[in-house]
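Derivation of every value follows stated rules applied to the coordinates shown; laboratory data play no part. If you're wondering where the values come from, they're calculated on a predicted model, not measured in any experiment. Glycine also receives a Cβ, built like all others from the backbone with ideal geometry; neighbour counts cover every protein chain displayed.
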Amino acid sequence: MRYSVVLTAPAADDFRRLDGSLKEPVAKQLRKLETAPRLGEHLGNRAGLDLTGYYKLYAARKSIRIVYRILDHEILVEVVAIGRREDLAVYQEALRRLQHRNR
């Protein structure tokens with residue numbers, strides 16, 4: 001089964017802001033999610049950041065993190081954040097976006 005991979009508007013902005021040399025490795029990982037949505041690792045609740053139900057996937061020699069969730073009933077992978085692997089910044093941003101969206 002082939003999943004559709006959709007970037008939220010903020011995640012699409014994240015992708016556009018990436019350095020040109022990073023875009024292809026990230027795009028390659030996103031394409032992999034079409035046929036292997038569970039390729040990434042479960043996130044859960046760590047360091048006070050509850051991203052239960054979301055996954056992380058690395059790209060560009062683990063310098064970039066992709067945060068996403070799988071909606072099996074819609075055959076969809078929704079990417080919520082893409083960012084450099086700097087501490088927990090991309091997870092914090094993903095959580096902020098999710099909290100803002102759920103208001």
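Using beta carbons and a limit of 9 Å, which pairs, at least six apart or on different chains, have the first residue in the range 39-51 and without any contact (Cβ under 8 Å) to a residue 12 or more places away in the chain and the second one part of a strand (DSSP E or B)?
44/50; 44/51; 44/52; 44/53; 44/54; 45/51; 45/52
Taking into account only those residues within the range 75-103 that are in a strand (DSSP E or B) and more than 11 Å from residue 14 (Cβ to Cβ), which is nearest to the chain's Cα centre (by Cα)?
The qualifying residue nearest to the chain's Cα centre (by Cα) is 78.
If you take the residues in the range 38-74 that are in a strand (DSSP E or B) and of a type in the set (S, T, N, Q), which one is surrounded by the fewest Cβ atoms within 10 Å (Cβ to Cβ)?
Ranking the qualifying residues of the range 38-74, first place goes to 45.
Mind checking which residues of the range 28-60 are among the aromatic types (Phe, Trp, Tyr) and either touching a His at 6+ places or on another chain (Cβ under 9 Å) or at positive phi (or both)?
Of everything in the range 28-60, those that are among the aromatic types (Phe, Trp, Tyr) and either touching a His at 6+ places or on another chain (Cβ under 9 Å) or at positive phi (or both) turn out to be 54, 55.
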